[in-house]
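These notes are about the structure you will find just below.
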Amino acid sequence: MPPQQARRNSRPAPGGSTTGANSTGASPAEPLRTGPPRILCAAEVRLGGIPAGLPPLSGEAAEIAAGASRRQWDALVNAAAEADAFVLIGRLLDPAADLRAERALRDGLERLAAAEVATFALTDEPLPDDLPLTLLAPDEPSEIELSRGGEGLAVLRTLAGAATFPMPDGLPVLGITSEPEADAEGCDALFTLSSAASEAAPGTWFVLPETAGAAGGRTEPRGERAVRFFAPVLELPEEPHDLPARLRNAAPRRDDGERLRIVDWTLHVGPWGDRLTDEDARALAGALSDTWALHSVTVLPHPGRFVDGDEDEPGEAAAFLEALAHFDPLGDAPALPGVAPDPDRVRTLATRFAAPLLSAG
C-alpha cells in the first residue's frame, strides 16, 4: 500500500462540558496570548498511580505517592493555562486510579477548556466519556492547525507509520509520536515517549519558532516531580563522627513541589562499618525517614578492603577467601592455623564480601 497522506484539520474548539463559563456560555475575557507558539507536553501522567521505578511502598508512603500524582497534575494544568496547547502522550489514568484521580483529570481538563486552551491526548487507553479534549490515535497520522485569535499559529503533527505530510507552509510544526524512532523531517520540534522519559521534569515546554524552519525554537523542562527517587553511594572508609548527620548532609536538597522522596543509600564502609548489621542498617534508615522521605540503607565493604596485603599481613578479602576455601558447610569446620572454625563467622564475612566479589567478576 502507498504511504497514507495525512490531512490537516483546523484546531477544534474545546469539546465536552466545561466549568467556569458564565450563564450566556461566554468565557470571561482574557488578554490575548502574544509571542511565539508555546505548547506544553507531558507523558505518562498516570493519575492515581505510583511512579514507576520506585522500590515497593506500603501504607502511608504508598498513599502519599498516589496522591502526589494529583498534585503534580494540578501543577501541570496551572502551567498549561498559559499555553497555546497542551499535549499528553501515553496513559492519563493509572490502572489503579480511583474516582479521585478521575475527578482530578476531568476538573483539570474543564479548567483548560474554560481558558480556551486546546488539549490533545495521544493514547489508546479507554477514557471516561465527554472529557473536554481531542483524542489522537497513536497509529493514525494526522495534522491539526492551531490558531490564536483566529489566525494560524502552528501545526501539531501525529507521526505514525509511513505516512506522508505536505511540506510546511510557513507555520512551525511540532511532531508528536509514541514510537521510539520516527522520521521528524519537516518538524521544527519533536516530542516522543522516549524523550519524555529522559527528562527529570514531568512536563516540557516547546517554544516554537514563529515560522517553519526558522531559528529560535527551544525546549524548557517544567517543574520537578512530586515523587523523587535517589540512589546515592557514599565512600566511608573511616567512621564519621555522626553517621545520620553525614547522610542528611549528603542528600540532595528538597525541591519545590516535592511531596515524597525515596532514598536508597549504598555505604562502602571500612572495618568500622561491619557492626552495621541488617538490623542496625534498618534502624539507621528509620532514623533518617520521616513523613515525606523514605530511606533504605545497604552496607558493603569499601573497595580498598579487597586489596591483598603482604604475606605476613594478608588483606581482609584474602583472609576470608582462605577461610572459605577450607570450610565445608556440609561437614565439620576444619581447624586451620589462625582461623577459628566458626560457621557464623564465615557466614558473616560472606555477607560482607561475597556479593561485591561476584558482581565485580
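Within segment 94-110, can you find the residues that are open to solvent by less than 70 Å² (accessible area, probe 1.4 Å) and charged (D, E, K, R)?
Scanning segment 94-110 gives Asp94, Asp98, Glu102, Arg106, Asp107, Glu110.
Just need a number here: residues in segment 141-162 that are surrounded by 14 or more Cβ atoms within 10 Å (Cβ to Cβ) and assigned to a strand (DSSP E or B).
14
Select from segment 37-54 the residues that are surrounded by fewer than 21 Cβ atoms within 10 Å (Cβ to Cβ) and out of contact with any Ser or Thr (no Cβ under 7 Å at 6 or more places or on another chain) and write down the one among them that is farthest from Gly175 (Cα to Cα).
Filtering segment 37-54 for residues that are surrounded by fewer than 21 Cβ atoms within 10 Å (Cβ to Cβ) and out of contact with any Ser or Thr (no Cβ under 7 Å at 6 or more places or on another chain), the one farthest from Gly175 (Cα to Cα) comes out as Leu54.
Does Val117 fit the bill of being more than 19 Å from Thr158 (Cα to Cα), among the β-branched types (Val, Ile, Thr) and more than 17 Å from the chain's Cα centre (by Cα)?
It is false that Val117 is more than 19 Å from Thr158 (Cα to Cα), among the β-branched types (Val, Ile, Thr) and more than 17 Å from the chain's Cα centre (by Cα).
One line per residue, one yes/no per condition, for (1) modelled with pLDDT of 70 or more; (2) not aliphatic (A, V, I, L, M):
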| residue | (1), (2) |
| --- | --- |
| Gln4 | no, yes |
| Gly16 | no, yes |
| Ala21 | no, no |
| Glu30 | no, yes |
| Arg70 | yes, yes |
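Does segment 269-285 contain any residue that is under 22 Å from Val227 (Cα atoms) and in contact with a Lys or Arg (Cβ under 9 Å, 6 or more places away or on another chain)?
Checking segment 269-285: not a single residue is under 22 Å from Val227 (Cα atoms) and in contact with a Lys or Arg (Cβ under 9 Å, 6 or more places away or on another chain).
The values are calculated or read from the model by the stated rules, or taken from the named source; none is laboratory data. Quick caveat, the model's predicted, so the values are computed rather than measured. No Cβ is skipped: glycine too gets one built from the backbone with ideal geometry, and neighbour counts run over all protein chains shown. Accessible surface is based on the protein model in full, side chains and every heavy atom, while ligands, DNA and RNA are left aside. Shrake-Rupley method; radii C 1.70, N 1.55, O 1.52, S 1.80 Å.
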